[in-house]
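Have a look at the structure below before the remarks.
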């Protein structure tokens, strides 16, 4: 793995015609999002391993900076990577707040920025920039894809609950929009604070509602507690639980025990997608790291591939940012998540969304893909 | 009506959990005058040790109930003997800085040993079921927590008010020099109290882990909760801590039920009101600074 700079060799006439492609990765390696940052890095390194850290004779070098998931810190580190390290391409950010914080910096300095996780809608809507492209997802894609499907397949009355922060609100708003447009009725809503430790009061309230199902958006430790407590309070037998893939993500289900069994979730990648690309990816990841990849690992893997393919199409010369983003826009390939392509207008990925159902297989839970919603395109406004 | 009853049970259970988490902190502050900001970290270690003991068999939870608090008590013993003892004559600021520094060290140690993933503790089958009350299902364990809280409160009250040890501790609080003159080894008293505080923090970790789970920064969230309980209850009073824990449990639960958007505001609002109206807390004694 390449990690340190070796800019001392060769005549560095100008930063642009150097022998390396420098990628700045702004990911959290400390704090609450540390494990997401680690998975994204692992995914990127796995892909670059596969191509020997080389594109068209140029070496690939990653410069890592800890974003600490803090907008102020991240802006400083982004500047350092752009001004001192002279990175050609920037990627990363788990937190949407961090992506917004460095938006103007990359826009004015014309640094191609491939967003590999942060899903806030506005980044490819009102905050859109020529130099910002997003390969991960938008909140809208996550929430909206479940709306119509839930109306047809789950029930006509739903209770909505989500963690009270921008992402949770955006996802649940997109779900409500699609669900009510299909004809469904939202019978109640409650938004517990982010990092809430006890859901007993909310669950008792939800249990008293006349709903066919409950739509929930929670992630990380919130998802573990909510899903477990949902079962403990006897709601699982009363109303099916539906939500987003983060409710039952690969790195949480072991901690959730059997509680997630039966949950329906919408996501853009799952470990059990049955394609050759996905099998090759998951096998390679498990071989290298001895653990299953998570959604974030897939995001890192795809981001690395997009950068490599864009650089390859330019013969390895990534010195002109306008050419780089043009090359981004033309990248298409068969990703482990399905067909990958960008929407040239919004700079946001167009992708298949999957509905998964969590099942018990040999005493452990597995997500099974039960429906594919093809080519979901963010409206861009 | 059923809904009110059900929320009452929720609030009582949450409050009792807060009491179990906070009582060690209250004891140490009340008797040693040391505000132990590493209390949340001791709680966290109790929770992680529980995780390690139970990860292969949920039945081991009973074992963890004894071992985890003892492990944390030993750790507290080492901290008191090697670091904290030297700060008793230096005053609050040194102790706050020392224990806060320790909190960061424990944070990193925990990340190295147990990683930064979200973990959970499974309960043995006898505690994992559901019980129906007020026409609603409750996790049986929540009801068990209520029982544990009452038992612990009764036990602490008995030791402090009815035993010779309790008398020495109370005497040590009001006049350290006099009690030394009477032939009581006050240093030993302090060590013992801090170790008991550690034991209780560890016990809090075991009791709360199956409900709250384990994740990075859990100790700081817990510390803040515990400090709120401590301040509302009144510094240095176990009965105050008990009352405050139940009050906060009920206020938070009912505000989440009635006005969910404002639930956080209510708890901190309650704290602000108590501080203005009764600066020593609900049942606090005047603490000599």
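The values are calculated or read from the model by the stated rules, or taken from the named source; none is laboratory data. Predicted model only: the values in this text are computed from it and were never measured. Counting neighbours? That spans all protein chains shown, and the Cβs are built from the backbone with ideal geometry, glycine included.
A residue that is surrounded by fewer than 15 Cβ atoms within 10 Å (Cβ to Cβ), under 30 Å from residue A:208 (Cβ atoms) and free of Cβ contacts under 8 Å to residues at least 40 places away in the same chain occurs nowhere in region B:99-112. The combined condition, being more than 30 Å from residue B:64 (Cα to Cα), more than 14 Å from chain A (Cβ to nearest Cβ) and assigned to a helix (DSSP H, G or I), is not fulfilled by residue B:196.
In region A:239-289, how many residues are part of a loop (DSSP other than H, G, I, E, B) and within 14 Å of chain B (Cβ to nearest Cβ)?
Step one: list which residues in region A:239-289 are part of a loop (DSSP other than H, G, I, E, B), which gives A:239-240, A:249-252, A:257-263, A:268-275.
Subset that is within 14 Å of chain B (Cβ to nearest Cβ): A:239, A:249-252, A:257-260.
Going through region A:239-289 one residue at a time, the tally reaches 9.
Let's see how each residue does on (1) more than 11 Å from chain B (Cβ to nearest Cβ); (2) modelled with pLDDT under 95:
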| residue | (1), (2) |
| --- | --- |
| A:158 | yes, no |
| A:161 | no, no |
| A:179 | yes, no |
| A:201 | no, yes |
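Of all the listed residues (B:36, B:56), the sole one being over 30 Å from residue A:202 (Cα atoms) and surrounded by fewer than 23 Cβ atoms within 10 Å (Cβ to Cβ) is B:56. In region B:44-55, is there at least one residue being within 14 Å of chain A (Cβ to nearest Cβ) and at pLDDT below 90? Taking every residue of region B:44-55 in turn, at least one turns out to be within 14 Å of chain A (Cβ to nearest Cβ) and at pLDDT below 90. For residue B:135, the criteria (1) closer than 30 Å to residue B:107 by Cα; (2) within 14 Å of another protein chain (Cβ to nearest Cβ); (3) surrounded by fewer than 20 Cβ atoms within 10 Å (Cβ to Cβ) hold in every case but one, which is (1).
Residue-by-condition table, conditions (1) part of a helix (DSSP H, G or I); (2) more than 17 Å from residue A:263 (Cβ to Cβ); (3) without any contact (Cβ under 8 Å) to a residue 12 or more places away in the chain; (4) in contact with a strand residue (DSSP E or B) (Cβ under 9 Å, 6 or more places away or on another chain):
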residue: A:175; (1), (2), (3), (4): yes, no, no, yes
residue: A:181; (1), (2), (3), (4): yes, yes, no, no
residue: A:186; (1), (2), (3), (4): no, yes, no, yes
residue: A:197; (1), (2), (3), (4): no, yes, no, no
residue: A:205; (1), (2), (3), (4): yes, yes, no, yes
residue: A:216; (1), (2), (3), (4): no, no, no, yes
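For residues that are over 18 Å from the mean Cα position of the chain (by Cα) and touching a residue at least 24 places away in the same chain (Cβ under 8 Å), tally how many sit in region A:334-360.
Taking region A:334-360 and keeping what is over 18 Å from the mean Cα position of the chain (by Cα), we get A:344-345, A:357-360.
Checking which are touching a residue at least 24 places away in the same chain (Cβ under 8 Å) leaves us with A:345, A:357-360.
Looking only at that region, the number is 5.
If the condition is being in contact with a helix residue (DSSP H, G or I) (Cβ under 6 Å, 6 or more places away or on another chain), in a loop (DSSP other than H, G, I, E, B) and either more than 23 Å from residue B:155 (Cα to Cα) or without any contact (Cβ under 8 Å) to a residue 24 or more places away in the chain (or both), then region B:203-261 contributes B:213, B:215.
Among the residues in region B:261-277, are any buried (at least 24 other Cβ atoms within 10 Å of the Cβ) and farther than 30 Å from residue B:55 by Cβ?
Pass one, region B:261-277, residues buried (at least 24 other Cβ atoms within 10 Å of the Cβ): none.
Among the residues of region B:261-277, not one is buried (at least 24 other Cβ atoms within 10 Å of the Cβ) and farther than 30 Å from residue B:55 by Cβ, which makes the answer no.
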